[in-house]
Amino acid sequence: MKTSGVSDGDIGESAWTAAEKTLTEAGFWTLEPEQTMETLPNCQEGAPTAKITWRTQEGREKTVTYYAGCGVRKMEDLVRSLRMALDFDYLVWTEDRFDPSGNR
């Protein structure tokens with residue numbers, strides 16, 4: 001049951017494995033690091049920003065910042081897949097649903 005407030009727990013190793021698979025399949029290391037209104041044309045205002053950081057055990061690290069109002073299908077798919085892999089809708093709940101296309 002979803003409740004308001006702070007909680008903690010463990011999402012499990014399988015979630016991290018699924019997230020790593022999702023990032024690998026999306027070609028994360030080759031994605032442009034800034035996909036925002038400042039770097040892309042035809043973006044809509046009022047959308048959320050997703051910041052995805054991947055750090056490997058070997059010390060490799062990269063952050064991709066994506067503004068959902070820019071409508072990049074590959075990034076929309078990546079955000080959606082990461083949400084599923086990490087069971088985001090179970091962990092984080094709000095009346096406002098995040099839609100990678102920038103719509104609520």
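Step by step: first the residues of the range 29-52, then only those that are farther than 17 Å from Thr63 by Cβ and of a type in the set (Gly, Ala, Ser), then the one that is surrounded by the fewest Cβ atoms within 10 Å (Cβ to Cβ). Which residue is that? Ranking the qualifying residues of the range 29-52, first place goes to Gly46. Taking each residue of the range 12-28 that is in contact (Cβ under 8 Å) with a residue 24 or more places away in the chain and surrounded by 14 or more Cβ atoms within 10 Å (Cβ to Cβ) and looking for partners that are basic (Lys, Arg) and in a helix (DSSP H, G or I) with beta-carbon atoms closer than 7 Å, six or more apart or interchain, yields Ala26/Lys74. Number of residues in the range 4-50 that are in a loop (DSSP other than H, G, I, E, B), closer than 22 Å to Leu86 by Cα and among the polar types (S, T, N, Q) equals 2. Would you point out the residue of the range 51-104, among those that are of a type in the set (S, T, N, Q) and not in a strand (DSSP E or B), that is modelled with the highest pLDDT? Ranking the qualifying residues of the range 51-104, first place goes to Ser81.
The values are calculated or read from the model by the stated rules, or taken from the named source; none is laboratory data. Since the structure is predicted, the reported quantities are computational estimates derived from the model, not experimental observations. So basically every Cβ, Gly included, is an ideal-geometry build from the backbone, and we count neighbours across all protein chains shown.
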